[in-house]
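The values are calculated or read from the model by the stated rules, or taken from the named source; none is laboratory data. These numbers were taken from a predicted model, which means no experiment stands behind them. We place every Cβ from the backbone using ideal geometry, glycine too, and count neighbours over all the protein chains shown.
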Ligand code: NAP
Ligand code: FER
């Protein structure tokens with residue numbers, strides 16, 4: 001060990017809007033001793049990820065915020081320098097979650113041993129780690145890409161987007177990236193092999209998407225939400241799939257965006273899917289059977305709001321849009337001899 005001083009970055013304030021350096025503080029403490037079944041690691045690499053903005057805030061999320069004056073959380077690749085755990089030896093490289101600090105003590109069970117001969121150890125935080133797995137699972141499981149389909153990926157040159165787009169290429173799709181500079185777009189096109197890339201800062205998104213996606217968009221891998229999602233929605237195809245992976249455009253927002261805020265969908269892994277009843281003709285007989293039974297058994301109640309006379313239809317219809325109907329609005333033309 002070269003030093004017995006640990007350096008840590010603590011969360012000092014909950015940032016308002018964009019985080020500032022004064023929201024963090026660097027402190028020096030003594031390097032901790034590992035307890036039973038624990039390991040002392042020296043950090044080699046710390047991953048910095050967009051989700052950390054959420055951990056700095058105490059608004060509702062899928063995860064607890066970092067407490068003020070505590071070490072910021074984060075994925076780390078480290079080397080074991082002391083071990084009280086039978087499965088880890090001094091010198092082992094490990095993937096852990098020691099956060100923003102030079103040394104961390106971890107329970108052995110929370111660590112994964114890395115083989116530097118298998119892959120560059122930093123890859124455990126990137127392409128072979130959380131971002132890579134995000135790209136792989138969200139694209140393949142939710143996006144379900146089919147050869148020939150058009151896939152749009154935002155934050156396309158980044159940790160997740162670069163992999164999502166390349167996997168979509170491997171699956172035979174036309175892949176269009178969206179990125180924030182010409183240099184990033186060049187990289188996305190020339191190095192990553194996407195078919196097109198739109199600079200979100202200099203191009204008008206809606207028309208650029210139309211040009212880049214002449215057959216419409218089948219999958220939108222959404223890393224950003226906000227105005228990019230909105231522009232994409234104007235160009236989606238029948239049966240499109242949208243893995244809602246990140247909403248980085250609103251992570252610094254003090255208030256939710258205008259219009260629907262989709263962040264709860266992401267947090268709650270909720271499913272949102274367009275519906276047209278005409279697609280469900282194959283369910284008709286099951287529907288009739290179930291509903292007639294429930295009606296007969298008193299399990300379903302139903303209210304009809306019956307208006308007499310065709311001449312009253314316009315007035316009743318206008319009232320429907322104002323909430324004046326109470327129950328299913330129906331116009332009665334003639335006596336119903338069955339009642
Ligand atoms: P990244 O793409 O390497 O870096 C973030 C990128 O987001 C920036 O480089 C920038 O790219 C773009 N960006 C920043 N502010 C933006 C804004 N206001 N509007 C539009 N784009 C903006 O980060 P990453 O790790 O791959 O993460 C990408 C997204 O995936 C994030 O939203 C993250 O939260 C999400 N994610 C989700 C999960 C999950 O389990 N749901 C897991 C991992 C990551 P450009 O300037 O090039 O557009
Ligand atoms: C992110 C990274 C990770 C993110 C969410 C996660 C919404 C979720 C991780 C998990 O708890 O599974 O950038 O943004």
| remark: Matching residues in the range 158-172 (buried (at least 21 other Cβ atoms within 10 Å of the Cβ) and out of contact with any helix residue (DSSP H, G or I) (no Cβ under 9 Å at 6 or more places or on another chain)) number 0
| said: Suppose we keep only residues that are assigned to a loop (DSSP other than H, G, I, E, B) and touching a strand residue (DSSP E or B) at 6+ places or on another chain (Cβ under 7 Å) within the range 10-32. Which one would you say is farthest from residue 82 (Cα to Cα)? | reply: 12
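Only one of 231, 183, 168 is more than 16 Å from ligand 2 (Cβ to nearest atom), outside any strand (DSSP E or B) and without any contact (Cβ under 8 Å) to a residue 24 or more places away in the chain. Can you tell me which? Please lay out each step first, then the result.
On the way: 231 fails: without any contact (Cβ under 8 Å) to a residue 24 or more places away in the chain; 168 fails: without any contact (Cβ under 8 Å) to a residue 24 or more places away in the chain.
The conditions single out 183.
Quick check: is even one residue across the range 268-277 closer than 26 Å to residue 166 by Cβ, surrounded by 13 or more Cβ atoms within 10 Å (Cβ to Cβ), within 14 Å of ligand 2 (Cβ to nearest atom) and in the same structural domain as residue 134 (by TED's automatic domain parsing)? Don't jump to the end; show me each part of the working.
Step one: list which residues in the range 268-277 are closer than 26 Å to residue 166 by Cβ, which gives 269.
Applying the additional criterion that residues be surrounded by 13 or more Cβ atoms within 10 Å (Cβ to Cβ) yields none.
The answer is no; no qualifying residue exists.
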| said: For the range 234-267, give me the residue count where each residue is within 22 Å of residue 215 (Cβ to Cβ) and either outside the structural domain of residue 220 (by TED's automatic domain parsing) or loosely packed, with under 15 Cβ neighbours inside 10 Å (or both). | reply: 4
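Does residue 95 meet the test of being in contact with a helix residue (DSSP H, G or I) (Cβ under 6 Å, 6 or more places away or on another chain), at negative phi and at pLDDT 95 or above? Explain how you work it out, then say what you get.
Working: in contact with a helix residue (DSSP H, G or I) (Cβ under 6 Å, 6 or more places away or on another chain): yes; at negative phi: yes; at pLDDT 95 or above: yes.
For residue 95, the condition - in contact with a helix residue (DSSP H, G or I) (Cβ under 6 Å, 6 or more places away or on another chain), at negative phi and at pLDDT 95 or above - is met.
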| query | If the Cβ limit is 7 Å and pairs must be 6+ apart or interchain, which residue in the range 45-66 that is within 30 Å of residue 120 (Cβ to Cβ) pairs with which residue that is in a loop (DSSP other than H, G, I, E, B) and within 9 Å of ligand 1 (Cβ to nearest atom)? | reply | 50/246; 50/251; 53/251; 53/252; 54/251
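Checking the conditions here, which among 77, 27, 90 is buried (at least 20 other Cβ atoms within 10 Å of the Cβ) and not assigned by TED's automatic domain parsing to the domain that holds residue 245? Please lay out each step first, then the result.
Values: 27 fails: buried (at least 20 other Cβ atoms within 10 Å of the Cβ); 90 fails: buried (at least 20 other Cβ atoms within 10 Å of the Cβ).
So the residue among 77, 27, 90 that is buried (at least 20 other Cβ atoms within 10 Å of the Cβ) and not assigned by TED's automatic domain parsing to the domain that holds residue 245 is 77.
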| query | What number goes with the only condition from (1) assigned to a strand (DSSP E or B); (2) more than 46 Å from the chain's Cα centre (by Cα) that residue 312 does not pass? | reply | (1)
| Count - residues of the range 37-52 that are surrounded by 15 or more Cβ atoms within 10 Å (Cβ to Cβ) and within 13 Å of ligand 1 (Cβ to nearest atom) | 5
